[in-house]
Amino acid sequence: MNAEAPLHELLTVIVPVFNTKAYLSQCLDSLLAQSLPNIEIVCVDNGSTDATIDYLSGYVSRGEIKLLYQPIKGAPAARNMGWEAAQGDWIQFLDADDIIMPNKVKHQIELLEQSTSSSFVAAAAIKTDMETGESIIWPVMPDVWHGLLQNSLGNTIANLFSRKVLEQVGGWDTSLKSSQEYDLMFRIMKHSDNVLIDTKEANS
């Protein structure tokens, strides 16, 4: 990360972790391989009891990530702690068992240069069945309200969120057990439905 870069060029990635050592190598390697040079990676441990913290300490000592801690409160609370501590103007949320393509965030930041007032970027994602290995595209609809109602407006890892707008809506609702990202997008769109649709087939 280039500490001298203007703040608007810095993007923060938030990764909640809970007993996820088995997945972290692929996840963090996909982040460290991003073509956007100015990325801050913040992992938020959610009370891990396995070797997750020991494994992450190597990344911390090399200055590749920041590591925050909280008691077990769930992924939405971990995401909130992460973006509240973030330095970037744009926030990429990523689950510890997921990866993103090398040009994902650079591509979306370049799109945002043409649409600086967007509240978030909505994009397609690839879903892979771990048992069969079969992959399908989770699409995104161009009509944002229709997409929201049809569960086709991206998902947690495919989308990119404005930190300013997250502050305005209060971030993730920690009381919800499911559909947290669609609740978040609904509240954001009530505030501003200027959503930028990423028409690329899939980045994550």
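Some notes on this structure:
- The C-beta contact set for segment 173-200 (first residue closer than 17 Å to Asn80 by Cβ and among the polar types (S, T, N, Q), second residue in a helix (DSSP H, G or I) and open to solvent by less than 50 Å² (accessible area, probe 1.4 Å), distance under 6 angstrom, 6+ apart or interchain) comprises Thr174/Pro76; Thr174/Ala77; Gln180/Pro76.
- Qualifying position, being touching a Gly at 6+ places or on another chain (Cβ under 7 Å) and of a type outside the set (S, T, N, Q), among Val105, Val144, Val140: Val140
- From the list Asn155, Asn151, the one residue that fits, being free of Cβ contacts under 8 Å to residues at least 60 places away in the same chain, among the polar types (S, T, N, Q) and under 16 Å from Lys104 (Cα atoms), is Asn155.
Residue-by-condition table, conditions (1) assigned to a loop (DSSP other than H, G, I, E, B); (2) open to solvent by 60 Å² or more (accessible area, probe 1.4 Å); (3) closer than 26 Å to Ile99 by Cβ; (4) at pLDDT below 95:
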{"position": "Ile137", "(1), (2), (3), (4)": "no, yes, yes, yes"}
{"position": "Asn155", "(1), (2), (3), (4)": "yes, no, yes, yes"}
{"position": "Leu166", "(1), (2), (3), (4)": "no, no, yes, no"}
{"position": "Gly171", "(1), (2), (3), (4)": "yes, no, yes, no"}
{"position": "Phe186", "(1), (2), (3), (4)": "no, yes, no, no"}
{"position": "Met189", "(1), (2), (3), (4)": "no, no, no, no"}
{"position": "Thr199", "(1), (2), (3), (4)": "yes, yes, yes, yes"}
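- Those strands (runs of 3 or more DSSP E) lying entirely in segment 6-86 with at least 1 residues out of contact with any Gly (no Cβ under 6 Å at 6 or more places or on another chain), open to solvent by 60 Å² or more (accessible area, probe 1.4 Å) and at pLDDT 95 or above: 66-69
- Qualifying residue in segment 139-148 (condition: touching a residue at least 12 places away in the same chain (Cβ under 8 Å), assigned to a strand (DSSP E or B), aliphatic (A, V, I, L, M) and more than 18 Å from Cys27 (Cβ to Cβ)): yes
- Subset tally (residues that are assigned to a loop (DSSP other than H, G, I, E, B), of a type outside the set (Val, Ile, Thr) and open to solvent by 40 Å² or more (accessible area, probe 1.4 Å)) for segment 87-135: 16
- Subset of segment 165-189 [of a type outside the set (Asp, Glu) and under 16 Å from the mean Cα position of the chain (by Cα)]: Val165, Leu166, Gly171, Trp172, Ser179, Gln180, Tyr182, Leu184, Met185, Ile188
- Exactly one residue among Asp129, Asp173 is touching a helix residue (DSSP H, G or I) at 6+ places or on another chain (Cβ under 9 Å) and charged (D, E, K, R), and that residue is Asp173.
The values are calculated or read from the model by the stated rules, or taken from the named source; none is laboratory data. Note that the structure is a prediction, hence the values are computed from the model and not measured. Here Cβ is always computed from backbone atoms with ideal geometry, including for glycine, and neighbour counts include all displayed protein chains. Ligands, DNA and RNA are excluded from the accessible area calculation, which covers all protein heavy atoms including side chains. Shrake-Rupley method; radii C 1.70, N 1.55, O 1.52, S 1.80 Å.
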